[in-house]
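Readers should treat all values here as calculations from the given coordinates under stated rules, not as data from a laboratory. Owing to the predicted nature of the structure, the values given are computational and were not obtained by experimental measurement. Neighbour counts are summed over all protein chains in view; Cβ atoms, including those assigned to glycine, are modelled from backbone coordinates with ideal geometry.
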Amino acid sequence: MLNWSFFENRKIIKITGLRMRQINNSERREKALEMINKNIQESGMTWLKLSAKSYILVETTRGLLTEALDSCEKAYQLKPKDPRSSYNLATIYRHLAKSKYEDYHPRMIQTNNFYRESRNFFFMTGLLRATLKEKGINLEAVLNRFLECSYKALELSHREPEKKHIQTNILMMTDQYPECLPLDKNSFKYLNQITYEHILY
């Protein structure tokens, strides 16, 4: 999800009891989710609560992302012109696209090694496929939605580091799914600065 430094950290702490960087194991994630759900019940949904909830759910469910996607969609509806809303949705769909692979595929092994080391979680592709089945969507729909949300975030963002990061993600996806996402290289200002070490995850 988009760098949490862009969020109001004091509010994050208030609704989860923790800074986002501290939610790095199952016990802390469960505690944070419990506090967010309680806060939503007591004072209603806000963009920040829904965004934080979807972020934590991604790192909790190992790929069963139905609830995370629903929370992200609701957050998007509350702030459709906030680039983080579009970016966070694109991130969910980017994860769901991993359903293309098997758990033993080298790309998934590399991806899961990265997430285990950096955030102490991993994805199971069977659960990602279960999410697609539950939502009634296929890989093509996932990739199209990823592109739609990514380009909207790119259009709305006014920060160059964010734009570069979004463009890197689009490049990564067009590398992984060339049959579905042909790349117009002329549209990428930063393409010559991006190396393949940036596009593995």
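In this Cβ point-charge picture (+1 for Lys and Arg, -1 for Asp and Glu), region 36-102 has a dipole of about 160 debye about its Cα centre. Take every Cα pair under 8 Å whose residues are at least 6 apart in sequence, average their separation, divide by the length of region 4-198, and the relative contact order is 17 percent. The label point for Arg19 and the one for Arg116, both projected 7 Å from the Cα toward the Cβ, are 2.7 nm apart.
Here's the list of lysines a cross-link from Lys11 could span, going by alpha-carbon distance under 18 Å and ignoring same-chain residues fewer than 8 apart: Lys31, Lys38, Lys49, Lys53, Lys79. For region 1-158, what class follows from the C-alpha gyration tensor (a ≥ b ≥ c being the square roots of its eigenvalues): rounded when a/c is under 1.5, otherwise prolate if a/b is larger than b/c, else oblate? Oblate is the answer for region 1-158, as a/c is 1.5 or above yet b/c matches or exceeds a/b. Label-to-label distance for Lys79 and Glu102 is 4.2 nm, based on points extended 7 Å past Cα in the beta-carbon direction.
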